[in-house]
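All of the numbers you see were taken from the coordinates with simple rules; none came from a lab. Note that this is a predicted model, so its numbers are computed, not measured. Every residue, glycine among them, receives a Cβ derived from its backbone with ideal geometry; neighbour counts consider all protein chains shown.
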Amino acid sequence: MNNARATQSTQAQERAPTDWKTVAMQRRIRKRYRAERRFRFFGIAAVVLSAAFLAFLLVTMVAQGWRGFTRTEIMLPIDFPASGMMVERAQLDTAGADLALAGAGLENAVKSAAAAAFGPGGESYISDNAWVSVRKAIKHDASVLDRKTQMRVPASSEVDQAMAGRGTSEILAAVAKLKNAGLVSRHLNLDFLKVSDSTDPVAVGIWGALKGSLLTMFVTFLIAFPVGVLSAIYLEEYAPRNRWTDLIEVSINNLAAVPSIIFGLLGLAVFLGSWSLFGYRVGPLLPRSAALVGGLTLALMIMPVIVIASRNAIKAVPPSIRDAALGIGASPIQVVFHHVLPLAMPGILTGTIIGMARALGETAPLLLIGMRAFIVTPPGGLTDPATVLPVQIFLWSDEVSRGFVEKTSAAIIVLLVFLLAMNGLAIYLRNKFETRW
């Protein structure tokens, strides 16, 4: 009897309108609002903190790297008739002009001109590759060999650092005299984007590593994207549900979390290892340090990421799309490639963006397959020796010379621009294929 009365009393209270003006109810409402404000504050704080770290990174890189896109040059007077160089004019119009100028002692003539113009030790004011700039000027206008002229040549790394206020008191004083005389200045260095690696920080460039990255990413995308998407289509649309497919799914999920250096060991063993064929030892299947090998290794690394993202995108397509297509007479393969795949393409491209961005910044697997070589000539094809931007940045950061610090930051800026351009293209394609429903 008492339980029945208690139950009826509780039901009556539930049916009664809630009094929102009671002290207890107002306290609970204020507590709820405070929790909401705290959550909003922490969310905004997290966004601001992330933006601050990103801004700090960009400002630091730009502040340290903008000098990497410039070069200090010295106005050098050269008296070619007095230098004793003997060069046939006919040789300057042939393919052997570089050898002719080198054989005539152009490098020594430039160093002697620097010593004569700036005093003893003046040859240390100009770069070791300064004579290359003089050679270009001679090939452009051979008449300079008949007179005394002034040419802009790259300054040495010590002079370049002194322009920024770093160096010994002697070099700072010498550079101050050159600046007062108007013989030294700093200019935009477009050669940084046109030439390759060098032992001289004044003469280094990023084009060799940039071209190597382009070729490597091309091979990576060419292998990983179609194989990953087709694998996802088979596993999601056609594969039977049994223990074998479950094992494959678990393996793919585990491979996506494997450290990248393991894929470097895999690429070293598979693509560069020796094999036994009919009792005979066969050498490496592919050339070492090539963009082809790097692309294949990175394709193995990002393929699980593309498979997982593609499966989720395909799974997100409503079953009603498949049922409607089958209902109007489409075959199963037409359902997949004409209806399901176009609708899943935005999600697939998102996964591809993530995978390609990870591949672009990888260094460890490429170091293991030999892409840390000193590459002076940009690769001409997929099988030529090459390096990539992250590896080039790693190699420059390990150099002793202070001049490589600025070049390292400048290379990081190029890498970030390359990454933004690649992601921008992928986002454009994703938005183009996206279907609103």
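Here are some notes:
- Taking a ≥ b ≥ c as the square roots of the eigenvalues of the Cα gyration tensor, an a/c ratio of 1.5 or more together with a/b no larger than b/c marks the range 204-264 as oblate.
- Computed over the chain, the P(r) curve from all C-alpha pair distances, binned at 10 Å from the origin, holds 4, 14, 18, 18, 15, 12, 8, 5, 3, 1, 1, 0, 0 percent per bin.
- Helical contribution to [θ] at 222 nm, DSSP H n ≥ 4, -39,500 (n - 2.57), averaged over the chain, rounded to 500: -19500 deg cm²/dmol
- Sorted on the mean count of surrounding Cβ atoms within 10 Å across their residues, most packed first, peptides 156-168, 384-396 read 384-396, 156-168.
- ARG40 sits among other residues whose Cβ lies under 14 Å from its own Cβ, and their net charge, with Lys and Arg +1 and Asp and Glu -1, is +3.
- A cut-off under 13 angstrom between Cβ atoms defines the neighbours of GLU73, and their net charge, with Lys, Arg +1 and Asp, Glu -1, is +2.
- Legend: helices of the chain (whole DSSP H runs) are marked when their alpha-carbon atoms reach 30 angstrom or more along the helix axis and their mean Kyte-Doolittle hydropathy is at least -0.5; marked are 23-65, 207-233, 291-315, 403-433.
- Listed residues SER231, VAL340, ALA324: farthest to the positive end of the dipole of the chain (Cβ charges): ALA324
- Taking the chain as the region of interest, the number of lysine pairs whose Cα atoms are within less than 17 Å, with members eight or more places apart or on different chains, is 8.
- Along each principal axis, taking the top coordinate minus the bottom one, the Cα set of the range 137-189 gives 40, 22, 14 Å in descending order.
- Alpha-carbon centroids, the range 346-418 and the range 135-156: separation in whole Å: 35 Å
- Dipole magnitude for the chain: about 2600 debye, using +1 per Lys or Arg Cβ and -1 per Asp or Glu Cβ, origin at the Cα centre.
- Amide H contacts under 5 Å for ASP384, placed H, 5+ residues apart: ALA291
- Listed peptides 171-181, 70-80, 244-254, 226-236 appear in the order 70-80, 226-236, 171-181, 244-254 once ranked by packing, highest mean of other Cβ atoms within 10 Å at the front.
- Cα-Cα P(r), the range 207-433, percent of pairs per 5 Å interval: 1, 7, 13, 15, 16, 14, 12, 9, 6, 4, 2, 1, 0, 0, 0
- Between the beta carbons of ARG40 and ARG147, assuming R0 = 45 Å, the FRET efficiency works out to 0.05 to the nearest 0.05.
- Highest-first arrangement of 363-369, 401-407, 142-148, where packing means the average Cβ count within 10 Å: 363-369, 401-407, 142-148
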